[in-house]
There are 2 protein chains.
Amino acid sequence: MIKIAIDAMGGDHAPQALVAGAELARDASQNDVEYILFGDQEQLKPLVKNSQNIRIVHADEVIAMDDEPVRAVKKKKNASLVLAAQAVRNGEADLLLSAGNTGALMVAGLLIIGRMKGINRPGLIVTLPVVDNDRGFTMIDAGANADAKVENVIQYAQLGKIYSQRVRALSNPRIGLINNGTEADKGDVNHRKMYEELEKLGQAGELNFIGNVEARDLLNNVTDVAVTDGFTGNAALKGIEGSALAVVNMIKDSITTGGFREKLGGLLLKPALKKIAKKMDYTRYGGSVLLGLKAPVIKTHGNSNAKTIFYALQSAADVAHSNLVTEIATQFADQKQQD
Amino acid sequence: MIKIAIDAMGGDHAPQALVAGAELARDASQNDVEYILFGDQEQLKPLVKNSQNIRIVHADEVIAMDDEPVRAVKKKKNASLVLAAQAVRNGEADLLLSAGNTGALMVAGLLIIGRMKGINRPGLIVTLPVVDNDRGFTMIDAGANADAKVENVIQYAQLGKIYSQRVRALSNPRIGLINNGTEADKGDVNHRKMYEELEKLGQAGELNFIGNVEARDLLNNVTDVAVTDGFTGNAALKGIEGSALAVVNMIKDSITTGGFREKLGGLLLKPALKKIAKKMDYTRYGGSVLLGLKAPVIKTHGNSNAKTIFYALQSAADVAHSNLVTEIATQFADQKQQD
């Protein structure tokens, strides 16, 4: 049975959203996942409607959204996040999920669960929608490592490939490098080096490297994996999110503040707009996954509601079933021997 | 009289769009601008309907979109772009506009017009829409300098301030640094240094530095000037553009491929959607301006039509009227003396 350690006290809607999300995921599961809720049992117990496959582990401290990450993880030894991470480290759970303080989650991942051998800097992989299919694409690193070196980014490409194969069932995922133009000589010094290294791996048959991709084309299915340093990835991702939201809000505004004509038009287009909103709803693709640790760590948005947690837990179970970590460990061990 | 040197042969719709755009701008002007079209006179002459304030200077070579920039500018001595840039250098025109090869335009700006004293690397400033007003915001550097050093970005902040004051009539423009979080300690090593330097200038009263801004908030009027290195700026900008376009296209698709309900809804919402499309149409704000040269160089999209060229020429005239270059020269000379 898969065991998921859940930081039940992290996030804007904790603990309610975490408990309700776990119950939704349990109801939809094949009875093959245990959901371990770490948090204040006085608060958690009354929230659990049906305790089948749900277990509470008491934790009497909470890491707040604005706590300084390293200090919080070190000092708050009984925090729900810390105890959940320890359970994963001790093999009592397969992976960790939190909607709380992102920095603290990364620190807990690094300090408590630990990096996998051969991986220098873990990377955050996130799945995003594309316009013309329901599969979407992934971006790695979406922001775990702002000071990325060339070799880190090469590892993100390899991690992205393994993730796409194991979790997303793509046999030969396209790997593109986010750059400021599609030509081979584009980019700053670092990105030109990344291109060269990725091209070598492509020529060696180790990656299906398709070259540079531009942030403007990502939603149009130009690549399966968009590889990037954490700083650029963060800017591209936030530009995409912010802009889609702005357009959707402008349309909503023009309907609600409009006259009869706009209101009727909005009413008629409602199902179509809902379908679009659903397609662009990246929470459907689960949380982002910090790859390169001894166990996967899954981060969902701080404002996650029960449904977001439900999607993230489903995706967490997929990750656990996929043997992703074993595969990464094997491939990076192999690579080591080749060096 | 303001004189604008136009590379009439550059761009996907050259020379038609350039000639038609110049005539539109002339018709809307106060008879105070001369439009000098550089290009093949055999082609250009028949296109000009009314030659008032429009002059043709013959150029018998053209730099193609895929020409290697440095080589093209050096070898094609009679190219429309090269002759237009020389006219600016020689004081026969106040600024240069092209819809052609971006790299070649930058090279022509650097090699022929020349950098302004005190400016290390010119930066591209672009004006973009925001959701809740018609003024928009500017981003500098939008991609001229992918390998930006900290001191380059500090100069972009200063250039962005002067541009906002002179061309956009903002007396005390807000200056924000694009970063991967709003807190002061966010970013990679370089962006943390940029923050520190900008904060010093803010404390000295030289800039209205409002701190870090995130790409996701740019369309929501969080800053007047978004300062960034050219690599990040390019990724954020392209993420924003691509995402807005993707959402708009999905809505269009759902209307055109939908049934009667969607078609009627689309018809009713058409004026509202048109208004939104107009608001988000960044070509209304004119082309992007390469700042830090002895004269401004204006770049419009390769696919510019007559209307885009018209907007860009209007904005070019504003730039010329604003005495921007004199102001930049004075302020950077002052700065030099302070050092």
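The values are calculated or read from the model by the stated rules, or taken from the named source; none is laboratory data. All figures in this text were calculated on a predicted structure; none of them were measured in a lab. Here the Cβ is made from the backbone with ideal geometry for all residues, glycine too, and neighbour counts use every protein chain on show.
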Any hit, the range B:241-259, residues being surrounded by 18 or more Cβ atoms within 10 Å (Cβ to Cβ), within 17 Å of the chain's Cα centre (by Cα), touching a residue at least 60 places away in the same chain (Cβ under 8 Å) and at negative phi
no
Given the options A:Val222, A:Val189, name the one that is at the interface with chain B (Cβ under 9 Å from one of its Cβ atoms), surrounded by fewer than 23 Cβ atoms within 10 Å (Cβ to Cβ) and not aromatic (Phe, Trp, Tyr).
A:Val189
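Within the range A:165-208, track down each residue that is among the small types (Gly, Ala, Ser), part of a loop (DSSP other than H, G, I, E, B) and at negative phi.
Matches in the range A:165-208: A:Ser171, A:Ala184, A:Ala204.
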Could you please let me know if A:Tyr163 is within 14 Å of the chain's Cα centre (by Cα), in contact (Cβ under 8 Å) with a residue 60 or more places away in the chain and either under 16 Å from A:Ser315 (Cα atoms) or in the same structural domain as A:Thr300 (by TED's automatic domain parsing) (or both)?
yes
What is the one condition in (1) more than 10 Å from chain B (Cβ to nearest Cβ); (2) at negative phi; (3) in contact with a helix residue (DSSP H, G or I) (Cβ under 8 Å, 6 or more places away or on another chain); (4) outside any loop (DSSP other than H, G, I, E, B) that A:Gly211 does not satisfy?
(2)
Between B:Lys252, B:Lys238, B:Lys263, which is more than 30 Å from B:Ala5 (Cα to Cα), within 10 Å of another protein chain (Cβ to nearest Cβ) and not hydrophobic (A, V, I, L, M, F, W, C)?
B:Lys263
Would you check if B:Ala272 is surrounded by 18 or more Cβ atoms within 10 Å (Cβ to Cβ) and either in contact with a Gly (Cβ under 8 Å, 6 or more places away or on another chain) or within 24 Å of A:Val130 (Cα to Cα) (or both)?
yes
Total residues in the range B:146-177, condition farther than 18 Å from B:Ile328 by Cα and crowded, with 24+ Cβ neighbours inside 10 Å:
3
Examine the range A:277-291 for a residue that is surrounded by fewer than 18 Cβ atoms within 10 Å (Cβ to Cβ), of a type in the set (Gly, Ala, Ser) and assigned by TED's automatic domain parsing to the domain that holds A:Tyr156, and state whether such a residue exists.
yes
From the residues in the range A:159-186 that are under 25 Å from B:Ala235 (Cα atoms) and hydrophobic (A, V, I, L, M, F, W, C), which one is farthest from the other protein chains (Cβ to nearest Cβ)?
A:Leu159
